[in-house]
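Participant: This structure is in structure tokens; I'll ask about it shortly.
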Amino acid sequence: MEKIIIASVSRNGIIGANGKIPWHCKDELIFFKKTTMGFPVIMGRKTFDSLNKILPGRLNIVITRTKNKTNNNENIMIFNSLQKGIDYCKSQSFAKVFIIGGAEIYKAALNTVDKMIISKMVKNYQGDVYFPKVSWELWNEKLLETYPDFVVYEYSRITN
């Protein structure tokens with residue numbers, strides 16, 4: 001199973017501001033939906049809360065430290081660790097799983113994912129949440145798509 005971080009990052013590394021993405025970019029949202037549709041998406045509780053809805057067409061996996069968090073929706077699964085969410089996806093034989101944020105989840109996943117798909121916004125934005133530091137020398141970069149407001153890169157882990 002391929003584990004993939006997917007993120008939208010401003011030129012200055014920002015991914016969030018006061019619990020929200022600090023830009024609205026329709027093309028980037030369309031790209032995200034097209035890329036993740038049909039596959040599970042793993043996110044932290046804060047990211048899930050900021051969405052205000054379930055992402056349709058995808059199993060939504062929420063990682064939370066909150067004990068006894070319950071759920072009555074078949075399109076949402078709740079786990080208390082990223083690894084348990086990933087293990088569940090493996091047990092269900094999904095071809096891919098996308099890790100969609102936030103910063104703590106990205107940081108926890110960074111050393112175990114196979115790929116990253118990063119939409120790099122062309123502008124700087126103000127915010128309080130940054131994408132984690134990456135050792136870029138461990139990744140091969142490939143340009144995927146170019147849009148007026150962002151450029152999409154795919155990063156594949158270099159294996160020895």
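Participant: Considering only protein heavy atoms and a 1.4 Å probe, what is the carbon-and-sulfur percentage of the accessible area of the chain?
Facilitator: Summing carbon and sulfur atoms, their accessible area is 49 percent of the total for the chain.
Participant: Using a Debye calculation, one point per C-alpha and no hydration shell, please list log10 I(q)/I(0) for the range 1-68 at q = 0.11, 0.19, 0.23 Å⁻¹ in order.
Facilitator: Here log10 of I(q) over I(0) equals -0.29, -0.90, -1.28.
Participant: Something else about it: Beta carbons within 10 angstrom, averaged per residue: use that to sort the peptides 18-26, 137-145, highest first.
Facilitator: Most protected by this proxy first, the peptides run 18-26, 137-145.
Participant: Also, quick follow-up: What is the chain's relative contact order, in percent, from Cα pairs under 8 angstrom and six or more apart in sequence?
Facilitator: 35
Participant: Let me ask something else about it. Only one of the listed values, (1) 11.0; (2) 9.5; (3) 10.5, was derived from the coordinates as mean projected area of the Cα convex hull in nm²; which label is it?
Facilitator: (2)
Participant: Continuing with the same structure: Could you report the range 22-160's accessible area per residue, 1.4 Å probe, as an integer in Å²?
Facilitator: The answer is 60 Å² per residue.
The values are calculated or read from the model by the stated rules, or taken from the named source; none is laboratory data. This is a predicted model, so every value here is computed, not measured. Glycine also receives a Cβ, built like all others from the backbone with ideal geometry; neighbour counts cover every protein chain displayed. Areas reflect the complete protein model, heavy atoms only, side chains present, ligands, DNA and RNA absent. Shrake-Rupley method; radii C 1.70, N 1.55, O 1.52, S 1.80 Å.
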